[in-house]
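These notes concern the structure reproduced below.
The values are calculated or read from the model by the stated rules, or taken from the named source; none is laboratory data. All values derive from a computational prediction rather than experimental measurement. Note: ideal-geometry Cβ built from the backbone for every residue, glycine included; neighbour counts use all protein chains shown.
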Amino acid sequence: MNTTSSADKSPVRPKSPIRIVVAEDEALIRMDLVEMLREAGYEVVAEAADGAQAIELAQLHKPDLAILDVKMPVLDGISAAEKIIDIAPVLMLTAFSQRELVERARDAGVMAYVVKPFSIGDLVPAIEIAISRHMQMRSLADEVADLHERLETRKLIDRAKGILMQALNLSEPEAFSWIQRAAMDRRLTMKEVAAAVISPDAVPGH
């Protein structure tokens, strides 16, 4: 019946928009970012100018996503991400594409990052990836209690997903679902399945 809504609303967004906390110390960049997000149909529930404020706002608003700049006063974005990651997925903004920063962000649990200058075309897929990966981490949390072990497992699963995406022409969520299903079918952990995908010789003997 309502033919207009499906045409108007671009990607896969049901009624309630994704709620986002934005943390960026440069006011002009923050204003542009907030405007970009709102025009794309996202709801910006709060804005912060430093990492400490970002943590407070995330705890207060319980958003669906936090977008943090790497370099911020009081507390940098990666340190803030470590505290926010249990509340919401984190998307990192960085003017630096240095490898070690990206690695540090990944180890903190950051789900995706975008290098400045960016457009809404860069942001939308990164937002989708961050939320999808966060849901995957939630599934992992059910399987692996220890945080360090979870990060190690996630790295293995990320490598296995990459292999499956290439070999079977799957999207990232499809590759993760493949690993989940294989684990259930074979009564293995997702870590064991990922290890077997990476190195078939490592298939557990049961």
* Options Leu60, Leu75; residue that is part of a loop (DSSP other than H, G, I, E, B), over 20 Å from Arg138 (Cβ atoms), out of contact with any His (no Cβ under 6 Å at 6 or more places or on another chain) and not basic (Lys, Arg) -> Leu75
* Structure fact -> Counting only helices (runs of 4 or more DSSP H) wholly inside the range 116-206, the ones holding at least 2 residues that are loosely packed, with under 13 Cβ neighbours inside 10 Å are 120-143, 147-168, 172-186
* To do: Please tell me if Leu28 is over 18 Å from the mean Cα position of the chain (by Cα) and either among the aliphatic types (A, V, I, L, M) or modelled with pLDDT of 95 or more (or both).
  => yes
* Tell me, please, whether a residue that is within 17 Å of the chain's Cα centre (by Cα) and surrounded by fewer than 16 Cβ atoms within 10 Å (Cβ to Cβ) can be found in the range 52-62. => yes
